[in-house]
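Accompanying notes for the structure given below.
Rule-based calculations on the coordinates, nothing more; no lab input. None of these values were measured; they are calculated from a predicted model. Every residue, glycine as well, gets a Cβ built from its backbone with ideal geometry; the counts of neighbours run over all protein chains shown.
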């Protein structure tokens, strides 16, 4: 199928990670973190998710760039119908 | 219980739902044939199929149920992941996938038709179709109950409508992304759900362990039997599971485990979607690796919940802590009073182990992530059943018996409508469960009775060319009958005759319902095996040339010499089994 799963996977984790980090930054000294043993778990874990999401997104885009440079159609829009059933 | 979610929690859930539906929308344009819709065009890479293979099985009943079992039985629960799954996954990958994939069968019942005959296919297709609908319905029901119990919609939806709204929302979302993108959409979302479950639960394990002093703290707070998976297995009465090692290894490790992982189309369908036979063989092996690690993600929270000191009252100025840590007591919904057993002891609601832990350790923000992970696990279970149902309905029932010569476009359209019908029937099943006491127990019993003998049929069919169609059918019927009779004549200690057994006569007692379940499976498998062999010898086998590609001895072995040694399925399988052995020794 023509949609590399790593791209939406990466974007989702980037989005959630950004939300958590942003909220964690806004609530840095909030007493809500007594629940998580005094650690700002939103910033901590949100950062991990940002890194993971970024890595997945990069791997997915890199595969597309490599496909595009191989067949001479660099920058082909993502909406193009994928004629080959085995490319990801 | 009422859970107040902040805006950020709802936003995180919304992000997840946008991606779930967005993937369906993005994939719609690639659904051009029935092969694209039902089998993802057989174009998915092994790692994606592998994670989907695992995630399709990771419904919330498994996640919640394993947490509950961890709280009740301790590390012995890991047997459901270690010996109860990994050996079967290695076997199906190395030995059975060449037949499932190489035969070009589009479903497991279709393989049975190719190998045996129509009646065997029909029996498996109908029983499997009914089971998947009920399984999906039970997932919906369990999710709606949990949402109700946690009070997530409290103040947003009137309490009396929460159950209905939860069922409706989950049905609409799953229907939407499968209707649009078929099996590919389901697989992609299952991989998303896998990573979400890891992301949602890993911090919980970290925080829980840190709070009680790490692994050493866990060991000092819990009984020793909780921390060992094989301790006391020489006898049923000396371990928390109530079953001895033979019943465990043969009943769970062999019959039930192989009967599920090697024959259930829900998981096999994910491997069949791989982009090559080589990939298809690796799919279960790839899935086995995180499967071995998952006990630390879903079972450990149950232990942590029991080990976390929880004050329940104060007597004469001193705090009284619960004997079961954070596990809440079951309350009578009518009177609000604490439920007690026949000895007057409180009855604990172990199913709430993980949700309680989530609410305890997760502040706003990550709470949204944890709850999204729970919802994701419910939906992956539902979607897996719906995609398996729509393929079996379209290919094995509709095309085979109702409309044999329609165009592929027609079958694609039928698949989409089967998705709608499947979801509607699942909703019906969810409401059926609400209307009858013990129906969930009844359905689980039915599933185990039907699944238990299956593996004998596949084992003989794939590895003994002499097995005949009449024998396979007779074996399945006999095995299921044997399972029924065994259940009807045995009873776990402490249970009353009825849904738990002895509804024919009480001839034998088992120390636990788990032991009864495992021994039912052993009897069902053994009877099926014997009957199938005997009837095969009395009936005419098919010519060998018709069985090429369907039977091990008549099929060229998969070629592996072109692969680097570390990439060969056999190498991966040996590696997985070696890690399994180390884990069992480390936590014995």
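A few notes on this one:
- Distance from the alpha carbon centroid of the range B:66-111 to that of the range B:324-396 works out to 23 angstrom.
- Cα long-axis angle, helix B:118-150 against chain B (0 to 90 degrees, to the nearest 10): 20
- In summary, the range A:8-70 shows an alpha-carbon radius of gyration equal to 1.46 times the 2.2 N^0.38 Å reference for compact globular proteins.
- With 0.36 nm allotted per residue and the present C-alpha distance subtracted, the residue B:157-residue B:463 stretch has 104.6 nm of extension available.
- Overall form of the protein assembly as shown per C-alpha gyration tensor (a/c, 1.5; a/b vs b/c): oblate
- Per principal axis, descending, Cα span of the range B:368-509 in whole Å: 56, 55, 28
- Look at the alpha carbon pairs under 8 Å that are at least 6 residues apart: their mean separation over the length of the range A:8-70 gives a relative contact order of 50 percent.
- Peptide-level mean, for A:47-59, of C-beta atoms on other protein chains within 10 Å: 1
- Crossing angle, helix B:454-463 versus chain B [Cα axis fit, 0-90 degrees, rounded to tens]: 40
- Estimated inter-spin distance, residue B:347 and residue B:530, nm [label 7 Å along Cα→Cβ]: 3.9
- At R0 = 51 Å, FRET efficiency that the Cβ-Cβ distance of residue B:210 and residue B:405 yields, to 0.05: 0.20
- Multiplying the residue separation of residue B:4 and residue B:164 by 0.36 nm and removing their Cα-Cα distance gives an extension gain of 55.6 nm.
- Adding -39500 (n - 2.57) for every DSSP H run of four residues or longer, then dividing by how many residues chain B holds, sets the calculated 222 nm ellipticity at -20000 deg cm²/dmol.
- Our summary gives the range B:442-557 a relative contact order of 38 percent, counting only alpha carbon pairs under 8 angstrom and 6 or more residues apart.
- Backbone N atoms of the range B:546-588 closer than 17 Å to the 7 Å Cα→Cβ label point of residue B:219 belong to residues B:583-588.
- Sorting B:546, B:244, B:190 by the number of Cβ atoms found within 10 Å of their own Cβ, with the fewest placed first, yields B:546, B:244, B:190.
- Euclidean distance of C-alpha centroids, the range B:133-196 and the range B:479-532, integer Å: 34
- Relative contact order of chain B: 27 percent, from C-alpha pairs under 8 Å at least 6 residues apart in sequence.
- Counted by neighbouring Cβ atoms within 10 Å, the residues B:565, B:47, B:82 run from fewest to most as B:565, B:47, B:82.
- Residue B:276/residue B:413 FRET efficiency (R0 22 Å; Cβ-Cβ; nearest 0.05): 0.15
- Relative to the longest principal axis of the Cα atoms of chain B, the long axis of helix B:60-73 lies at roughly 60 degrees.
- Separation of the residue B:537 and residue B:332 label points, Cα + 7 Å toward Cβ, nm: 6.0
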